[in-house]
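Here's the structure, in structure tokens; my notes come after.
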Amino acid sequence: MKYAVLNMPYSAGPSGYSSTFVSSRHHPVYAWLGMRPVLAQHTSDEHAALEKSASGRSSIVEIGVAEGVSAIALRQGMATNGTLHLIDPFHFSRNSIFNFTRRTARRLVGSFPRGKIAWIESLSFDAVQKWSLPIDLLFVDGDHTEEGVRRDWNEWNRFVVPGGIVIFHDARIFEGGWTSPEYGPVKLVDDLFRRRRIPGWKIVEEVHSLVVVERLG
């Protein structure tokens, strides 16, 4: 399956994508039928950064999967013996048979055979109640409200090992981009890692809307 990433500078609508086949076919059923590429919610530079960040890492968690393009970036880079845990409730359809976001994501991610995949079809704050494994890369791209992203940070960061990283999507304002000061991830990152600079963590990379923070040893 082919995928399309966001163009830079960003413009809303079909013209914002790298493929001319997106047209007005935004419903995921068109991706499932092969009538359009699978749509990413990130740029090509962000895709490359996700793949690079995952390099050699063996315990990866992504919160918020959508159609699965960011998951394949992580899977392409991860250790061959690693596991990518994908958390998304896929709750926007009452019937799983007709949930084409879910079906598209599963087919796309499954087309890149590297490491293992663990699907967790649950809200992140429910999934964390049963979580006990160490994490060396956590990608936070779920609930974009300030309260939602802060809850994901507060509940999941304790599992990240020293030297591990947390990547926030839509978390910084950048030239030609789509984010604004009102974005929840922007507010959280500015508060924790720019103003307060909380102990034990530091920003190590920023690519378009991505902000990567590392847990210090």
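The values are calculated or read from the model by the stated rules, or taken from the named source; none is laboratory data. Everything numeric in this text was worked out from a predicted model, so none of it was measured. As a convention, Cβ positions derive from the backbone with ideal geometry for all residues, glycine included, and neighbour counts pool all protein chains shown.
Rundown of residues vs (1) within 15 Å of the chain's Cα centre (by Cα); (2) surrounded by fewer than 20 Cβ atoms within 10 Å (Cβ to Cβ); (3) of a type in the set (Val, Ile, Thr), yes/no style:
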position: Ile72; (1), (2), (3): yes, no, yes
position: Met78; (1), (2), (3): yes, no, no
position: Gly142; (1), (2), (3): yes, no, no
position: Asn154; (1), (2), (3): no, yes, no
position: Phe159; (1), (2), (3): no, yes, no
position: Pro162; (1), (2), (3): no, yes, no
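For region 175-217, enumerate the residues that are on the phi > 0 side of the Ramachandran plot and not charged (D, E, K, R).
Gly176, Gly200, His208
Does any residue of region 91-109 turn out to be small (Gly, Ala, Ser), over 24 Å from Ala49 (Cα atoms) and either touching a His at 6+ places or on another chain (Cβ under 6 Å) or modelled with pLDDT under 90 (or both)? There is at least one residue in region 91-109 that is small (Gly, Ala, Ser), over 24 Å from Ala49 (Cα atoms) and either touching a His at 6+ places or on another chain (Cβ under 6 Å) or modelled with pLDDT under 90 (or both). State whether the residues of region 118-127 include one that is more than 14 Å from Ile63 (Cα to Cα), surrounded by fewer than 16 Cβ atoms within 10 Å (Cβ to Cβ) and either in contact with a Lys or Arg (Cβ under 6 Å, 6 or more places away or on another chain) or not polar (S, T, N, Q) (or both). No, that holds for no residue.
Within region 43-56, restricting attention to residues that are surrounded by fewer than 21 Cβ atoms within 10 Å (Cβ to Cβ) and in a loop (DSSP other than H, G, I, E, B), which residue is modelled with the highest pLDDT? Ranking the qualifying residues of region 43-56, first place goes to Ser55. Flag: Pro113 matches the condition of being under 19 Å from Ile72 (Cβ atoms) and either out of contact with any Pro (no Cβ under 9 Å at 6 or more places or on another chain) or not aliphatic (A, V, I, L, M) (or both). Scanning region 165-217 for residues that are part of a loop (DSSP other than H, G, I, E, B) and surrounded by 13 or more Cβ atoms within 10 Å (Cβ to Cβ) yields His169, Asp170, Ala171, Arg172, Ile173, Phe174, Gly177, Trp178, Thr179, Tyr183, His208, Ser209. In region 179-192 there is no residue that is in contact with a helix residue (DSSP H, G or I) (Cβ under 7 Å, 6 or more places away or on another chain) and over 23 Å from Ala49 (Cβ atoms).
Filtering Glu155, Glu182, Glu121 for residues that are more than 21 Å from Gln76 (Cβ to Cβ), of a type in the set (D, E, K, R) and modelled with pLDDT under 95 leaves a single hit, Glu121.
Within region 172-188, residues that are closer than 11 Å to Ser209 by Cβ reach partners that are at pLDDT 95 or above and outside any loop (DSSP other than H, G, I, E, B) with beta carbons closer than 7 Å, at six or more positions or on different chains, in the pairs Arg172/Val186; Arg172/Val189; Arg172/Glu206; Arg172/Val211; Ile173/Val186; Thr179/Val186; Pro185/Val149; Pro185/Phe168.
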